[in-house]
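Worksheet: one structure, shown below.
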Amino acid sequence: MGKLPSLRVHDGDTRWGLPDPDFGTDTRPAAKASLADVVDAAGTSPIRYVYDFGDDWVHLIDVEIIGKPTPGNLYPRLFDITGRCPPEDVGGMPGYDNFLEAIRDPEHPEHEDVTEWAGGPFDPHVPDADERRLDVLKLAKKWKPRKG
């Protein structure tokens, strides 16, 4: 399988990421880990993926084996998603709260600007599942076993 991006991913006891003394010395190098390593270490626990250390966005990823792989299908596959990720560089939770307040209220003085910045209407409860499925498919293609 392909290598994980150099981001902090951990399941409780095992951590992968860029070495950083602020986060302890028990981090394994992400560039040397495969997705299978992370899944194996997590076992039945969700994988906790911390994105953007300054804002501390945390994603919980549940990995399930739902049967034997079907020949010809790419893996991993995204089956379900809950909620929508905040826009990039929204400013952490305080910025996201302000963003949601402005985008929900057409009378808010920043409504027009944040709606344009977000690329249109934004509902935090409606995930952009098609885009995320495409992202996972791209990863699966990148990580598919090579013949030879």
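Computed from the coordinates by the stated procedures, all read-outs in this text should not be read as laboratory data. Predicted, not measured: the structure shown is a model, and the values here were computed from it. Backbone-built Cβ (ideal geometry, glycine too); neighbour counts: all protein chains shown.
Tabulated results
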quantity	calculated
Calculated FRET value between residue 48 and residue 133, using beta carbons and R₀ = 22 Å, to 0.05	0.50
Options 45, 70, 81, ranked by Cα towards positive dipole end of the range 37-148, top entry (Cβ charges)	70
Relative contact order, percent, the range 49-129 [alpha-carbon distance under 8 Å, six or more residues apart]	28
